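**Student:** Take this structure first; my questions come after.
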Amino acid sequence: MGEPEETPKQRHDRELIELLNELRVALPGVQVLFAFLLAVPFSKGWPNVTDFQKDVFVAAFLGAGVSSAFLIAPSSIHRLGWRVADKEQIVRVSTVLTIIGLTTLAMAITASVLLVTDYIFDRTTAIVLTACIGTLFLTTWYALALYVRSARRAR
């Protein structure tokens, strides 16, 4: 539902602004993670990592790259479609891209936690700590959002 007395054009403009503002929150996180991961193979400790840790690193690194692509795509779509494309369509497509981008960001962060904790602690501790972080993402980013959405629809 839009705001009272809001035209479809006003609603699409507002929704696009809200989406782009949300991306301003997510993008620095993925950029910092990606930068951190770019430096890892060049650190002194890299020769000491196990094959498992290298595999986890690649998963985290690719996840951060994929997340960057999905989270930046709405800005590109908006800019390339400026004054030409249908804003409602831009918002719909960008919403899907953002959800995918946030999902891959959560996966990349979780894999990064596994990488670091496996390097510092034993594998069991690393898995338990990583499971806690994964559960935190599932709970706060998805379950809570779906709960709020369903509660709003129930009103």
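**Student:** Could you give the angle, 0 to 90 degrees to the nearest 10, between helix 87-120's Cα long axis and the longest principal axis of the Cα atoms of the chain?
**Tutor:** 20 degrees
**Student:** Hey, any idea what % of the chain's accessible area is carbon plus sulfur with a 1.4 Å probe?
**Tutor:** Values: 6900 of 10150 Å².
Carbon plus sulfur share of accessible area: 68 percent.
**Student:** Still on this structure, I have one more. Counting only heavy atoms of protein chains, what accessible area per residue, in Å², does the stretch 76-142 have with a probe of 1.4 Å? If you can, show how the numbers build up before the last one.
**Tutor:** Numbers: 4090 Å² over 67 residues.
Ligands and nucleic acids excluded, the figure is 61 Å² per residue.
**Student:** Efficiency by 1/(1 + (r/R0)^6): what FRET value for Q10 and A145, r their Cβ-Cβ distance, R0 = 22 Å, to the nearest 0.05?
**Tutor:** Details: r = 25 Å, r/R0 = 1.12.
E between Q10 and A145, to the nearest 0.05, is 0.35.
**Student:** By what distance, in whole Å, do the Cα atoms of the stretch 82-155 stretch along each of the three principal axes, largest value first?
**Tutor:** Rounded to whole Å, the extents work out to 54, 35, 9 Å.
**Student:** Ok, one more. What accessible surface, in Å², does a 1.4 Å probe find on W141, ignoring ligands, DNA and RNA and rounding to the nearest 10?
**Tutor:** Accessible area, nearest 10 Å²: 90 Å².
**Student:** When the Cα atoms of the chain are enclosed in a convex hull and the volume is divided per residue, what value in Å³ results? All intermediate terms of the calculation are to be shown ahead of the outcome.
**Tutor:** Values: hull volume 16.9 nm³, N = 155.
Hull volume over Cα atoms, normalised by residue count, gives 109 Å³.
**Student:** Let me ask you something else. Taking a cut-off of 14 Å between Cα atoms, list the aspartates and glutamates near K54, but don't count ones fewer than 8 places away on the same chain.
**Tutor:** Result set, ordered by chain and number: D118.
**Student:** Once fully extended, how much extra length lies between K54 and V128, figured as 0.36 nm per residue of separation less the alpha-carbon to alpha-carbon distance?
**Tutor:** Details: separation 74, 0.36 × 74 = 26.64 nm, distance 1.93 nm.
Residue separation times 0.36 nm, minus the Cα-Cα distance, leaves 24.7 nm.
**Student:** From the phi angles alone, apply the Karplus equation (6.51, -1.76, 1.60; θ = phi - 60°) to the stretch 51-67 and give each ³J(HN,Hα) in whole Hz, x where the residue is Gly or Pro.
**Tutor:** Running phi through 6.51 cos²θ - 1.76 cosθ + 1.60 with θ = phi - 60° gives 4, 4, 5, 5, 5, 5, 4, 4, 4, 5, 4, 5, x, 5, x, 5, 4 Hz.
The values are calculated or read from the model by the stated rules, or taken from the named source; none is laboratory data. On a predicted model such as this, the values are computed, not experimentally measured, just so you know. Counting neighbours? That spans all protein chains shown, and the Cβs are built from the backbone with ideal geometry, glycine included. Accessible surface areas use protein heavy atoms only, side chains included; no ligands, DNA or RNA. Shrake-Rupley method; radii C 1.70, N 1.55, O 1.52, S 1.80 Å.
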